[in-house]
Amino acid sequence: MREINKNELKEMLLKCWMTHDGMWFYHCMQELGIEKANQLNKAAIKSLASIEIDRVRRAFGLEKIETFEDLKMLVDAAFAVLSDKFMGFKHSCPSENVLHWEMSKCFAHAGMTRLGVIDRYECGVIYRVASWFDSLGIKYVVTPPFDRCIMHLTGSCRGEFRFSF
């Protein structure tokens with residue numbers, strides 16, 4: 001048996017977590033319908049996000065998030081731990097108080113398309129990131145709205161959070 005390196009382990013664990021997430025959503029949808037599955041998914045994400053971002057904050061020794069620079073460090077740390085190349089998620093901070101995101105592909109979009117519900121799926125990916133900021137009490141405006149799948153609606157998934165500090 002060969003040993004796997006840290007990056008291979010991270011990718012495998014994240015793929016397993018995303019598969020679990022997708023299977024959970026699928027079974028909720030089968031049992032309760034897409035509207036209830038969306039509602040439960042967002043409730044679970046909201047509950048997870050505050051715990052998740054606090055764990056990342058503590059793991060990287062970030063005491064308080066009071067400035068945009070603090071937030072950038074936290075977001076970079078969170079994406080370094082909680083995402084991988086296969087997810088296709090990229091972020092940048094092109095100007096003060098702005099976080100830009102872009103996804104070349106999206107595992108949620110692909111999964112919901114396979115299930116035939118992409119036209120009614122409420123994006124959980126960007127909702128998760130927004131929930132981090134909500135739990136930290138950081139005020140922001142996000143564009144475009146992500147109440148549905150942005151990639152399905154526009155052909156690409158990109159947008160930005162504008163923060164008020």
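Read the figures in this text as sums done on the coordinates, not as results from a lab. If you're wondering where the values come from, they're calculated on a predicted model, not measured in any experiment. Here Cβ is always computed from backbone atoms with ideal geometry, including for glycine, and neighbour counts include all displayed protein chains.
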Inset, instruction - Using the structure shown, list the pairs from K15/K139; K6/K36; K36/K64; K10/K90; K10/K139 with a Cα-Cα distance above 29 Å, or answer none. - result: K15/K139; K6/K36; K36/K64; K10/K139
Inset, instruction - Net charge near E8: determine it from the other residues with C-beta under 11 Å of the C-beta of E8, scoring Lys and Arg +1 and Asp and Glu -1. - result: +1
Inset, instruction - Pop a pseudo-label 7 angstrom from the Cα along the beta-carbon direction at both N5 and L115 and give the gap in nm to one decimal. - result: 3.5 nm
Inset, instruction - Classify the range 6-164 as rounded, prolate or oblate, taking a ≥ b ≥ c as the square roots of the eigenvalues of its Cα gyration tensor: rounded when a/c is under 1.5, otherwise prolate if a/b is larger than b/c and oblate if not. - result: prolate
Legend entry - For the range 23-31, 3J(HN,Hα) per residue [Karplus equation, 6.51 cos²θ - 1.76 cosθ + 1.60, θ = phi - 60°, Hz, x = Gly/Pro]: 5, 4, 4, 4, 6, 4, 5, 4, 7
Inset, instruction - Would you mind counting up the charge near R148? Only other residues with Cβ under 9 Å from its Cβ, with Lys and Arg at +1 and Asp and Glu at -1. - result: -2
Legend entry - Segment L153-T19, extension gain: residue separation times 0.36 nm, minus the distance between their alpha carbons: 45.8 nm
Legend entry - Where Rh is the Kirkwood radius over Cα pairs, Rg/Rh for the range 86-129: 1.07
Legend entry - the chain - mean residue ellipticity at 222 nm from DSSP helices (-39,500 (n - 2.57) per run, n ≥ 4, rounded to 500): -19000 deg cm²/dmol
